[in-house]
Structures are given as structure tokens and as C-alpha cells.
Amino acid sequence: MYDDKLLNSFGQITVKELKQFLAKFQPKNSTGHDNISMKLVKKCIDEIAEPLISVINQSFAEATSPEEDKLAIVKPLFKKGCKKEMKNYRPISLLPVISKIIEKIVCEKLMAFLEGKNCFSPNHFGFQKNKSTKLALINLMNYCFDRIENGETVVGTFVDLTKAFDGVDQHILIEKVAAAGVTGSALNWIVSYLDNRKQMLKSFTTALMAAQQVTFQIKQMWLEASHKVRYWALSCFSSTLTTSEAI
């Protein structure tokens, strides 16, 4: 799977590994268009493990993401304020349960590879173990205090990218992933995963609107998986996302 710091494939997983991945999911009742909840899968895993493993491993072997897994149901979730104003809602994507499982597997394998190649800046905070955003503020404050005590002037530039994940071009993302060393069937699987993705909007009633193809954004990707991969992908487009550059 790894060859001279290249990620050539995602390999094959065992029943034991599958159960370990499933243990990381909350037993939620929410479902995608397949109407199968994670709670149901976790309860029935002993009975369905073998066929589920077969589907996942075949997907990796053929470097193809199943078309059925590429359809997300987008549902407006109320945040706060007046319920009549659309700005007070945020969209959430509901994916088929098998898509969530495969995303989790791919995400962890990809993260292990990227971390092994030191692709993350030491000043990259958030969505990493022992690297919280609070620690980023502490480091920044210490940096500023040290410079001020030395009689220096500190100037900071802070950038907030609105709907940042919605603006990531998938073609550029593929180029960045390939440049990081992802190749072979692993890269082909990611290309397949991103290609021909669709989403359906679920209105405030039970009606579903017609599916529309998604060609821009990565918000629905790796939804139940770690946010770190998405953050790394986004950081490829802007150096202002790291504290070191901001300082």
C-alpha cells in the first residue's frame, strides 16, 4: 500500500477492522436516500459484516465509488432566530450509510499517510489531536507578548474565508492530492468519488426536489469522517490558513 512515501491503494479491510471503524460512529437514526440508519447497521453488524466487507473491498479493488453512494439529501437545519428567514438555517448532507463507512476508512488511511509525510504545518491548529484552536490562541498570545517585551511591533492579519469549503475546485483538489503522493488505485478511487456527485434538497415538507449534479464544493465530502482532511485540502489553496503565515 505504501511505496517510497506514496499511497498506491487503500488495500483491503477485514471484519475486525470494519467493526473498529463502526465503533467510532454514533448510533444515529438519521438516514440518507437508502433509508438505512447507522444505528441499524451497528445492531446488525454480525449478520451483515461479510457482504458489507465484500462491497467495500470491491470498491477499493476496482478504484470505483458506487454511484448510489454519491447522492446526498440536503436538509435545512434551523440554527437560531426567526424561522422565516433562510439565513437562520444551515444545510446538512445526509449520505447513504455505506458511503459514511467508506469515507471513514478512506479518511483515516489518507490521514495516516499525510501525517507520515508531515504534510501538516506545526502551526496548523484545529481538527487535530492535541492541536485545538484554543492552543492556537495561546501560542499567538505568547508570540505577541514575547515580541512586545523585546520592544518589537506586532502586526497581525486575520482572514476569514466565507463558505470556504464550498469554493474548493475539485480538479485543483485532485492535483493537490496527487502532488502529496497519492497515486494508483487510491487516486483513481478519489477521482471516482468526486465525479458525478449529486444532491437533492429536502424542503420543509417531506418533498424531495430533483437531484442536481455537484461540480464545485467539498462540503458534503467526508461528512462523518475527520474534518482534518478537508482542512488540509483547503489549506492547499491559501497559506493564510496557518498561524505561521498569519504571524
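The values are calculated or read from the model by the stated rules, or taken from the named source; none is laboratory data. Model, not experiment: these values are computed from the prediction. Neighbour counts run over all protein chains shown; Cβ positions are idealised from the backbone, glycine included. The area values use the complete protein model at the heavy-atom level, side chains included, leaving out ligands, DNA and RNA. Shrake-Rupley method; radii C 1.70, N 1.55, O 1.52, S 1.80 Å.
Of the residues making up the stretch 17-27, those that are over 16 Å from residue 109 (Cβ atoms) and open to solvent by 100 Å² or more (accessible area, probe 1.4 Å) number 1. Scanning the stretch 138-166 for residues that are open to solvent by 50 Å² or more (accessible area, probe 1.4 Å) and closer than 30 Å to residue 68 by Cβ returns 163, 165. Considering only the stretch 207-219, I want to know if a residue exists there that is at pLDDT 80 or above and out of contact with any strand residue (DSSP E or B) (no Cβ under 8 Å at 6 or more places or on another chain). No, that holds for no residue. Counting the residues of the stretch 1-30 that are more than 30 Å from residue 119 (Cβ to Cβ) and not in a loop (DSSP other than H, G, I, E, B) gives 1. For residue 69, the conditions (1) open to solvent by less than 40 Å² (accessible area, probe 1.4 Å); (2) over 17 Å from the mean Cα position of the chain (by Cα); (3) of a type in the set (Asp, Glu) are fulfilled apart from (2).
Comparison of 104, 176, 202, 131 shows that the only residue that is surrounded by 14 or more Cβ atoms within 10 Å (Cβ to Cβ), among the basic types (Lys, Arg) and within 30 Å of residue 14 (Cβ to Cβ) is 104. Do we find that residue 55 is in contact (Cβ under 8 Å) with a residue 40 or more places away in the chain, aliphatic (A, V, I, L, M), surrounded by 12 or more Cβ atoms within 10 Å (Cβ to Cβ) and closer than 16 Å to residue 94 by Cβ in this structure? No, not satisfied. Restricting the first member to the stretch 65-81 and to residues that are within 23 Å of residue 190 (Cβ to Cβ), and the second to residues that are open to solvent by 70 Å² or more (accessible area, probe 1.4 Å) and part of a strand (DSSP E or B), the beta-carbon pairs closer than 6 Å and six or more apart or on different chains are 71/198; 74/201. The numbered conditions (1) open to solvent by less than 60 Å² (accessible area, probe 1.4 Å); (2) assigned to a loop (DSSP other than H, G, I, E, B) are all true for residue 33 except (1).
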